[in-house]
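Single-structure report; data block below.
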Amino acid sequence: MFVAYTACLFLALGLSASRQQAIEAGVINYLWPGLTLFLSVPMLGKKSRPVLLAAGSMAGFVGVLLLGMGGLHSIGQDVAHLRTNYLPYGLALGAAVIWALYSNLCSKWVSGAAAGAVPLFLLVTGIVLSPCAFLLRESSNWTGNALAEIAYVAIFPTLLGYVCWEAAMRNGRTTLVVAISYLIPVLSTLISGLYLAVIPGWNVWLTCGLVVMGGATCKLSIRDDEPWRNNAGRN
């Protein structure tokens, strides 16, 4: 699941037709905090307030729908826009669902473990993604800046980021850990816009707000008890 998530996310970014679409795909991927909480009810046995949980989930998906419209004004234009750009959006949405499943399974299956296998997962991901560079016939431009960017992405948001997240899901309080992540969509979009020299449109910021609001509402709907940990302790 880790390999599938990473492959979907990187392909969503790599197949984006523009920098603006790459930012939009990134925002769609950040549905995972709300989805993580939503799926924690059936997967981890958490107690929830169904109305609030449904409202929070709906807010996030409405935001993604508005994002997919691209700020257009007619239904015909919206459909045409999605038809020509559906693959990055679909991959980003798939990545969000997979990561939510993965995070909950980390809490359920390897809770309290001393170490995870993220470095191994990343190695397998690299092996899986390598053929894509040849199949998609991408053009590469190896410069000093490109090498520095690759090193940064490999070490910080990828290796350290995923290692820390998995450790938090294995050993921390799931709802608290996910709640802290609600600011990530806004911060990520802001940093991406500055680095890519793109001013995100109103639909991007509206989606960010709805995703954050939806995740926060999901958090309010769920009690912070974790019965599988208590059962594991008794066993």
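Just a few scattered comments:
- Trypsin sites (Lys or Arg not before Pro) restricted to the range 125-178 and DSSP loop, no more than 11 other C-beta within 10 Å: R137
- For the range 131-178, the set of GluC sites (Glu not before Pro) satisfying both a DSSP loop assignment and a count of at most 14 other C-beta atoms within 10 Å is given as E138.
- Helix runs (DSSP H) in the chain reaching 20 Å along axis by Cα, Kyte-Doolittle at least -0.5: 50-69, 75-109, 118-135, 202-221
- The ranking of M169, M213 from fewest to most other beta carbons within 10 Å of each one's beta carbon is M213, M169.
- Taking a ≥ b ≥ c as the square roots of the eigenvalues of the Cα gyration tensor, the chain is oblate, since a/c reaches 1.5 or more and a/b is not larger than b/c.
- Under a model in which nothing but the beta-carbon of Lys, Arg (+1) and Asp, Glu (-1) is charged, the chain shows a dipole of about 640 debye around its Cα centre.
Read-outs throughout are calculated quantities, based only on the coordinates presented, and are distinct from any laboratory measurement. Not measured: the values here are computed from a predicted model. Don't worry about glycine lacking a Cβ; one is built from the backbone with ideal geometry, like all the others, and counts go over all protein chains shown.
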